[in-house]
Amino acid sequence: MADTGSARAQILGGIRKALNSAEGSEEARQRLATHPRNLIPARAQRPHDEQVELFAAMATEVSATVELLGGMEDVPGAVADYLAGLNLPAELRVAPDAALDAIPWDRRPTLTVTKGRARDSDGASLTGAFAGVAETGTLMLLSGAERPTTLNFLPDTHIVVLKRGQIVGTMEDAWDRLRAAGGEGGANGALPRTVNFITGPSRTGDIEMRIELGAHGPRRLHILLVED
């Protein structure tokens, strides 16, 4: 059996050697400075209103559900109705995110809302998102004290509040927006520890080649698309 430790050391050594060479270092510096883009599909290069429509269509295609809301004041009712429609408990674990403070939860007193990281007993969570990628219907979520990553993956039902203005055409656009925001609250403007890209609910096709939802995370992803 090959020595996996030795093979790993050889691979990492080769990478270090390439990066330390004059050519490798210059190429790496240029890529970090310019953020070169890959080929951008034409479907992502369209006016913003059409990008919003594309995002909703692509998210629906990957088994997420999308609901259009007029404002943050509509979120409590939409959440309560969504949970009731699935015969789920009216209990919600919410990210302690200042961006969600404008949600008037008292409008639906039958909802039990608590804040913090996800617990084993939490069946449904609600978080914000940093961006939505129209090209693929993907959500970009950042980790942080106000945005516990556990809320994205542990509960069976994940509800995400996304504003229309947060939708961009491509993943490259989303990264540009994050860099421009200085890492969105990271230490000294650094990027957050974790950036999660979520496209639809969790799924696997490993079981007899059948798609099963909820294998490695939430089985439901519901996106509340809110007017700015």
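The values are calculated or read from the model by the stated rules, or taken from the named source; none is laboratory data. All values derive from a computational prediction rather than experimental measurement. We place every Cβ from the backbone using ideal geometry, glycine too, and count neighbours over all the protein chains shown. What goes into the accessible areas is simple: the full protein's heavy atoms, side chains included, and nothing from ligands, DNA or RNA. Shrake-Rupley method; radii C 1.70, N 1.55, O 1.52, S 1.80 Å.
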Margin query: Consider segment 97-114. How many of its residues are surrounded by fewer than 16 Cβ atoms within 10 Å (Cβ to Cβ) and not acidic (Asp, Glu)?
Written below: 8
Next item on the list: Under 8 Å between Cβ atoms, at least 6 apart or on separate chains: pull out the pairs that start in segment 25-37 with a residue that is not assigned by TED's automatic domain parsing to the domain that holds residue 176 and at pLDDT below 75 and end on any residue that is outside any loop (DSSP other than H, G, I, E, B) and not charged (D, E, K, R).
Entry: 25/19; 28/19
Check: Across segment 86-112, what is the total count of residues that are β-branched (Val, Ile, Thr) and within 23 Å of the chain's Cα centre (by Cα)?
Finding: 2
Next item on the list: Quick one: in segment 117-151, of everything that is among the polar types (S, T, N, Q) and open to solvent by 10 Å² or more (accessible area, probe 1.4 Å), which residue is farthest from residue 51 (Cα to Cα)?
Entry: 121
Next item on the list: Collect the residues in segment 52-83 that are without any contact (Cβ under 8 Å) to a residue 60 or more places away in the chain and either under 15 Å from the mean Cα position of the chain (by Cα) or crowded, with 19+ Cβ neighbours inside 10 Å (or both), keeping them in residue-number order.
Entry: 76
Item checked: Conditions (1) loosely packed, with under 14 Cβ neighbours inside 10 Å; (2) part of a helix (DSSP H, G or I); (3) among the basic types (Lys, Arg): number failed by residue 43 -> (1)
